[in-house]
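Below is one structure; the comments refer to it alone.
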Amino acid sequence: MPAPRRLVVLVSGTGTLLQALLDAAAEPGYPAAAVAVGADRDGTEGVERARRAGLPTFVERMGEHPDRASWDRALLGRVRSHAPDMVVGAGFMKVVSAAFLDGIGAPMLNTHPSLLPAFPGAHAVRDALAAGVAVTGATVHRVDAGLDTGPVLGRAEVPVRPGDTATTLHERIKTQERRLLVEVIRRLARADAATASREPQT
Ligand code: GAR
């Protein structure tokens, strides 16, 4: 069986999506495993989850850099040092540059709490509620240089219920989002492992 694909997971919050990946990696045969977890801020439960799982962690704070480009380069260095096969934004609330995406040497995925292309940005659940949609959901997509614009890899629909608040709706979305993220990564990691096994070894 090929070695699990190496995931570097980026978080900004509670890290329940990361936890779903950690739990999946404990299943026999799951084809991907987090090898490091990074955050853009201190005190995230996501980084604590990674520490409890015995994984290396890093924090790269934007405020400690003179500008965004410098932060982005530093984050690139941190991510590359773990030689990822895939980078995963799992509740990571920062936009990375085209130079970062070119430099990581691996695809980057993101998960987002709406049915993209509807409601991109940092307030997707609140915006969907305000727009009065009957159905919203979650999207896992490949990251490009835009804001939540890359090719869609999977979507899960979640009906809006009467009386939903952003909190209740987001919790139901995250239940579907965790399942979706685990399944999309299973599919991509299997395909990546199959391609790698066909490449001549040097
Ligand atoms: C998830 O719903 C994720 O899609 C969202 O943050 C939540 C993180 O949950 N990300 C964004 O809104 C990015 N624009 P978690 O910290 O419990 O994993």
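The values are calculated or read from the model by the stated rules, or taken from the named source; none is laboratory data. Since this is a predicted model, take the numbers as computed values, not measurements. In this analysis, Cβ positions are derived from the backbone assuming ideal geometry, glycine residues included, and neighbour counts consider all displayed protein chains. Remember, those area values only see protein heavy atoms, side chains included, never the ligands or the DNA or RNA. Shrake-Rupley method; radii C 1.70, N 1.55, O 1.52, S 1.80 Å.
Once a ≥ b ≥ c are taken as the square roots of the eigenvalues of the Cα gyration tensor of region 110-152, is the result rounded (a/c under 1.5), prolate (a/b larger than b/c) or oblate (a/b not larger than b/c)?
prolate
Please identify the DSSP H helices in the chain that span no less than 30 Å along the helix axis (Cα) and have a mean Kyte-Doolittle hydropathy of 1.0 or more. Write out the running numbers ahead of the final one.
Details: long enough: 166-198 (46 Å, -0.49).
In the chain, no H run is both long and hydrophobic enough.
For region 138-181, take N as its residue count and report Rg(C-alpha) divided by 2.2 N^0.38 Å. List each step's numbers first, then the result.
Working: Rg = 12.1 Å, N = 44, 2.2 N^0.38 = 9.3 Å.
Against the compact-globule rule of thumb, the ratio is 1.31.
For the chain, what relative contact order do you get, as a whole percent, if you take Cα pairs closer than 8 Å and at least 6 residues apart?
Computed over the chain, the figure is 20 percent.
Mean residue ellipticity at 222 nm from the helices of the chain, using -39,500 (n - 2.57) per DSSP H segment of n ≥ 4 over the full residue count, to the nearest 500 deg cm²/dmol?
Roughly -12000 deg cm²/dmol at 222 nm, from the helical runs in the chain.
Once a ≥ b ≥ c are taken as the square roots of the eigenvalues of the Cα gyration tensor of region 1-142, is the result rounded (a/c under 1.5), prolate (a/b larger than b/c) or oblate (a/b not larger than b/c)? Walk me through the numbers before you get to the answer.
On the way: a/c = 1.62, a/b = 1.18, b/c = 1.37.
The shape class here is oblate.
Taking only protein heavy atoms and a 1.4 Å probe, what accessible area per residue, in Å², does region 108-202 have with all protein chains in place? Don't jump to the answer; show the numbers that get you there.
Numbers: 5050 Å² over 95 residues.
In whole numbers, region 108-202 has 53 Å² accessible per residue.
Compute the distance in nm between two label points, each set 7 Å from the Cα along the Cα-to-Cβ direction, one at Ala83 and one at Thr175.
4.1 nm
What ranking, highest mean first, results for peptides 53-62, 84-93, 174-183 when packing means the other Cβ atoms within 10 Å averaged over each residue? Could you put the intermediate results ahead of the total?
Values: 53-62: 15.7, 84-93: 22.3, 174-183: 19.6.
Descending packing order for the listed peptides: 84-93, 174-183, 53-62.
Between Ala166 and Glu183, how many nm apart are label points set 7 Å from Cα along the C-beta direction?
Here the modelled spin labels are 2.8 nm apart.
Starting from the Kirkwood radius over alpha-carbon pairs of region 54-99, derive D by Stokes-Einstein at 4 °C in a medium of 1.567 mPa s and give it in µm² s⁻¹.
111 µm²/s
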